[in-house]
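A.B. asks: Got a structure here, written out as structure tokens. Questions coming.
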Amino acid sequence: MANRADNSIRCSNSKKPNDGMMLVISIFAGIVIGFLLGISFPTLSLTKMNFPSSILPSVATIYIENEKPEKSSKTSSQNEFGDAAHHHKIWVPSNPRGAEMLPPSFVATESDFYLRRLWGFPKDDLPVVKPKYLVAFTVSYEQRKNIDACIKKFSDNFTIVLFHYDGKTSEYDEFEWSKRAIHVSVPKQTKWWYAKRFLHPDIIAPYEYIFIWDEDLGVENFDAEEYIKIVKKHGLEISQPAVESRKSITWKITKRIPGIEVHKEVEEKPGRCNDPHLPPCAGFIEIMAPVFSRDSWRCVWHMIQNDLVHGWGLDFALRKCVEPAHEKIGVVDSQWIIHQKIPSLGSQGTAQEGKTAFQGVRERCKREWTMFQKRMTRSEQKYRKEIASASSNATLT
């Protein structure tokens, strides 16, 4: 009996150190596993926890419900940005200038003139079929009846923009279509001043064709939808309706040729054309009623000089924006307009030095034409010189 008791005591004493060691190892292993699990999972947020609605305040519950379809991606994005912010800053050189610190997929480079509501969901603001084209008129209230007749020739497929150079905008409320038009008012400014500042290619990017028209046009024989069909059919990137006028027409190519759909070239007066494929015999339209495709307008907008507001000389340079110009610039004869030649903008000038307001405006137009031509010529010469110099340096190296 004594021997058995001694053996029992020895066994009991030998187990105690082993049990203590196992306990220490278990605690250490638990700490390690807990640490690894802790760093493996992102911080838990309330939006990932399915609390009963009674626990959260009613306002917070509504917010979470509204955000529920996007909560996974949103929370994930927040965690990504939060984690990355400690290590990396966003810098994307290919983003638009000034937006390099934004993620590329978030940058909104384009806009539009679609009217939106102040309530509801943004996705429900617009009609199922959005306007595909844009027409802009530079107007005075004196010509309101003519503008009304013009706009009625453009369907709901067109966004309407009115540039008011006489400052009168609310007066147009008498017309039903005025409620859906975009009104921009700056006194005593021209069509091309407005176009340079308010028709940037990225602002009007959704529109396939852009009409930039004067206010003194008769449209009894014009249909905008039919015009678009013809332009597409003939592949015209820059065009205008053919013109009839009670007075003389400056450029023969713009005059209507009865019985045909489109013409792209004419025989001008002797000495006017050095090349039958160059303006004003071909690759030419006037600036009173031009129509631009989206792509051609992007080039033309950059060609408009910021300080040359009348646009004189622009018509001779339009060919630089499409190629081949003598095929992609044309006049639509089957949809034609009447140029009424009402010099209303001329009266917006100021009489000075013994000259009438109209004379002062006319002189500025001619001066700008000369300036435009000189700038274009000098810029082309400068570019060719730089190219030649670069090519010469490359050969030497």
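A.B. asks: Confirm whether residue 232 is farther than 17 Å from residue 132 by Cα and open to solvent by 30 Å² or more (accessible area, probe 1.4 Å).
C.D. replies: Working: farther than 17 Å from residue 132 by Cα: no; open to solvent by 30 Å² or more (accessible area, probe 1.4 Å): yes.
Answer is no for this residue.
A.B. asks: Under 9 Å by Cβ, and 6 or more places apart or on different chains, what pairs join a residue from the range 148-162 that is of a type in the set (Ser, Thr, Tyr) with one that is assigned to a helix (DSSP H, G or I) and open to solvent by 10 Å² or more (accessible area, probe 1.4 Å)?
C.D. replies: 155/225; 159/180
A.B. asks: Of all residues in the range 328-354, which are open to solvent by 30 Å² or more (accessible area, probe 1.4 Å) and either at pLDDT 90 or above or touching a Gly at 6+ places or on another chain (Cβ under 9 Å) (or both)?
C.D. replies: Matches in the range 328-354: 328, 334, 336, 338, 339, 340, 350, 351, 352, 353.
A.B. asks: Do you know which residues across the range 112-156 are loosely packed, with under 15 Cβ neighbours inside 10 Å and polar (S, T, N, Q)?
C.D. replies: If the condition is that a residue be loosely packed, with under 15 Cβ neighbours inside 10 Å and polar (S, T, N, Q), then 155 is the only one that fits.
A.B. asks: For the range 208-262, what are the residues that are under 23 Å from the mean Cα position of the chain (by Cα), among the aliphatic types (A, V, I, L, M) and farther than 20 Å from residue 150 by Cβ?
C.D. replies: Within the range 208-262, 236, 238 meet the criteria.
A.B. asks: With the requirement that a residue be open to solvent by 60 Å² or more (accessible area, probe 1.4 Å) and modelled with pLDDT under 95, what does the range 253-274 give you?
C.D. replies: Listed by number, the residues that qualify are 267, 269, 270, 271, 272, 274.
A.B. asks: Which one of these does residue 239 not meet: (1) outside any loop (DSSP other than H, G, I, E, B); (2) hydroxyl-bearing (Ser, Thr, Tyr); (3) more than 19 Å from residue 323 (Cβ to Cβ)?
C.D. replies: Here residue 239 meets the rest and fails (3).
A.B. asks: OK, next. Suppose the filter is at pLDDT 95 or above and open to solvent by 20 Å² or more (accessible area, probe 1.4 Å); does residue 299 pass it?
C.D. replies: yes
A.B. asks: So, one more: Kindly indicate the residue of the range 278-296 that is open to solvent by 20 Å² or more (accessible area, probe 1.4 Å) and outside any loop (DSSP other than H, G, I, E, B) and also nearest to residue 203 (Cα to Cα) among those meeting that condition.
C.D. replies: Only one residue fits best here, namely 294.
A.B. asks: Between 262, 309, 322, which is among the β-branched types (Val, Ile, Thr), in contact with a Ser or Thr (Cβ under 8 Å, 6 or more places away or on another chain) and under 30 Å from residue 141 (Cα atoms)?
C.D. replies: Criteria check complete, one pass: 309.
A.B. asks: Looking at (1) touching a Leu at 6+ places or on another chain (Cβ under 8 Å); (2) in a loop (DSSP other than H, G, I, E, B), which is the one condition that is false for residue 275?
C.D. replies: (1)
The values are calculated or read from the model by the stated rules, or taken from the named source; none is laboratory data. Note that this is a predicted model, so its numbers are computed, not measured. Here the Cβ is made from the backbone with ideal geometry for all residues, glycine too, and neighbour counts use every protein chain on show. The accessibility values were calculated without ligands, DNA or RNA, using every heavy atom of the protein model including side chains. Shrake-Rupley method; radii C 1.70, N 1.55, O 1.52, S 1.80 Å.
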